[in-house]
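These notes are about the structure you will find just below.
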Amino acid sequence: MWFILALLSAVFAALTSILAKVGIDGVNSNLATAIRTVVVVIMAWGMVFITNVQHTISSISTKSWIFLILSGLATGASWLCYYKALQVGEASKVVPVDKLSVVITLVLAFVFLGEKFTAKSLIGCLLITAGTLIMVL
C-alpha cells in the first residue's frame with residue numbers, strides 16, 4: 001500500500017509542477033504560494049474532519065508539536081523557493097533539481113535518524129545526482 005500511495009504522491013507532485021507553472025504566469029510567486037497554501041490547509045483540515053480525528057489534537061505531545069511546526073516552516077520555505085524558481089526557470093530544469101531532496105533526505109536520515117545507508121543507497125544517490133546534472137546542463 002505504501003508504494004501505491006508514494007506513486008500517487010509522485011503523480012500529484014508532477015501535476016503540481018505543471019499546474020503551478022501555468023498558474024503563476026503573471027502572478028507574484030509569494031502570492032501564488034499563499035493561495036496554494038490556503039487550498040492545502042482547507043483540504044488537510046477537511047480530511048481531519050472527514051476522518052473524525054480532530055478530537056485527538058489534545059493528545060499530541062510537545063515534542064511532536066515542535067517537530068511538526070518545524071516541518072511546516074521547512075515546507076513553507078521549500079514552497080516559496082520552489083515557486084520562485086518555477087516562475088523564473090523552466091519546469092523541466094527546476095523539478096529535477098528540486099528532486100535532489102531525495103538524495104538530501106537519504107543523507108539526513110542516515111545522519112540524524114540512524115537509518116541504513118547501504119551500497120544500494122549510495123549508488124541510487126549517485127545516479128539521481130548524475131541524472132539531475134544531465135537534465136539541467
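Quick notes
- The one condition in (1) of a type in the set (D, E, K, R); (2) within 15 Å of the chain's Cα centre (by Cα); (3) farther than 20 Å from Asp98 by Cβ that Lys63 fails to fulfil: (2)
- Selection status of Leu80, out of contact with any Cys (no Cβ under 8 Å at 6 or more places or on another chain) and not assigned by TED's automatic domain parsing to the domain that holds Ala44: no
- The selection criterion, being surrounded by 13 or more Cβ atoms within 10 Å (Cβ to Cβ) and out of contact with any Ser or Thr (no Cβ under 9 Å at 6 or more places or on another chain), holds for Ala32.
- Any chance Asp25 is touching a helix residue (DSSP H, G or I) at 6+ places or on another chain (Cβ under 9 Å), within 30 Å of Leu126 (Cα to Cα) and at pLDDT below 95: no
- Single match in Val111, Val95 (criterion: of a type in the set (Val, Ile, Thr) and under 23 Å from Met135 (Cβ atoms)): Val95
- No other residue among Thr132, Thr37 is surrounded by 13 or more Cβ atoms within 10 Å (Cβ to Cβ) and in contact with a Leu (Cβ under 6 Å, 6 or more places away or on another chain) apart from Thr132.
- Being under 15 Å from the mean Cα position of the chain (by Cα), outside the structural domain of Thr129 (by TED's automatic domain parsing) and not hydrophobic (A, V, I, L, M, F, W, C) holds for only one residue in Ser71, Ser58, and it is Ser71.
- Set side by side, the residues Ala32, Ala44 differ, and just one is more than 14 Å from the chain's Cα centre (by Cα), closer than 26 Å to Ser101 by Cα, in a helix (DSSP H, G or I) and touching a residue at least 12 places away in the same chain (Cβ under 8 Å), which is Ala32.
- Residue satisfying all of: in the range 80-130; touching a residue at least 24 places away in the same chain (Cβ under 8 Å) and either among the polar types (S, T, N, Q) or not in a helix (DSSP H, G or I) (or both); nearest to Ile18 (Cα to Cα) among these: Ser92
- Residue within the range 53-61 that is aliphatic (A, V, I, L, M), touching a Phe, Trp or Tyr at 6+ places or on another chain (Cβ under 9 Å) and either at pLDDT 95 or above or part of a helix (DSSP H, G or I) (or both) present: no
The values are calculated or read from the model by the stated rules, or taken from the named source; none is laboratory data. Just so it is clear, the model here is predicted, and its values are computed rather than measured. In this analysis, Cβ positions are derived from the backbone assuming ideal geometry, glycine residues included, and neighbour counts consider all displayed protein chains.
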